[in-house]
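Worksheet: one structure, shown below.
What follows is calculated from the coordinates using simple rules that are stated; it is not laboratory data. No experiment lies behind these values; they were computed from the predicted model shown. Using ideal geometry, Cβ is built from the backbone for each residue, glycine included, and neighbour counts are taken over all protein chains shown.
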Amino acid sequence: MLRLQPLAVVFDLDGTLIDSGRDIAAAVNHVLFSSGRTPLSVQAVARLVGDGSYALVQRATGLHAGDELTQLHARFLDYYTQHPAVYTTAYPGVHATLHALRSARSASGRLKMAVCTNKPRATTAAVLQQLGLIQYFDAVHAAEDSVNRKPHPEPLLRVAQLLGVDAAAMAMIGDGPQDVLCGKGASAMTVGVTYGLRPTEMLQSCPDVVIDAFPLLLDLLQVTFP
């Protein structure tokens, strides 16, 4: 396996750190049911995820713009913020791996870690707090924190500024094409995970490295442990 030597590691959230498909689908179906539309399966909703909550509601409802879409998006956010982690769990090995990496050292000092997600900040914060993940990260960049969202490189470039490292010295870890393309656009190293929500599309975006389980990061990253 190719080994990477980043100064910072940046993680996508849904489909990478957390298995959140059932809760996202519940929020989408709350919107669909309340507006007289047919609910979708968890698998169908998963195929719509990746470009933020507004795009998700657009795709699920078939609406493109207008007052109804605005209202239904607000309804989605309200429901999901109140029910952020009813079924959501961290993927196997995530806590142990992040705990190990939190004490790791890169070539220039302590390895820095961040989350970069297209998820709204309120639900991002709620999930990270509820699952006990927030403790591991030096920075969290959510949907509202930049003008553009992944796959545009701006979110990752903003994370680089927050961490005080060059984007080319970071590794972007994600399960979707948005993550890989964002990383490539920012000249970062890219790692795709195959266990997430959109493995086929992720593989088509050609990440530098692909892993099948989160703990494999400990072998992939050339860092030292105390």
Length gained, residue 201-residue 187, 0.36 nm per residue minus C-alpha separation, equals 3.0 nm
For the chain the mean separation of alpha carbon contacts under 8 Å (6+ apart) over residue count, i.e. relative contact order in percent, is 28 percent
Given unit charges at Cβ for Lys, Arg (+) and Asp, Glu (-), the dipole magnitude of the chain about its Cα centre in debye, nearest 20, is 200 debye
Under 11 Å by backbone N from the virtual spin label 7 Å along Cα-to-Cβ at residue 5, the residues of segment 191-226 are 222-223
Under the Karplus relation with 6.51, -1.76 and 1.60 and θ = phi - 60°, whole-Hz ³J(HN,Hα) for segment 5-13, x at Gly and Pro, equal 10, x, 8, 8, 10, 10, 10, 5, 9
Computed over all unlike Cα pairs, the Kirkwood hydrodynamic radius of the chain in Å stands at 17.6 Å
The residues 134, 173, sorted from fewest to most surrounding Cβ atoms within 10 Å, come out as 134, 173
The answer for the per residue Cα convex hull volume of segment 21-82, in Å³, is 70 Å³
Under the 7 Å Cα-to-Cβ spin-label approximation, residue 41 and residue 168 lie apart by a distance in nanometres of 4.6 nm
Fewest to most Cβ atoms within 10 Å: 4, 217 sort as 4, 217
TM-like helix rule applied to the chain (DSSP H, alpha carbon span at least 30 Å on the long axis, mean Kyte-Doolittle at least -1.0) gives none
Computed over segment 21-82, the relative contact order (Cα-Cα under 8 Å, seq sep at least six) in percent reads 37 percent
Computed on Cα atoms, the radius of gyration and Dmax of segment 1-135 in angstrom are 17.1, 56
Within segment 186-226, the residues whose backbone N lies under 20 Å from a label point placed 7 Å from the Cα of residue 87 along the Cα-to-Cβ direction are 195-199
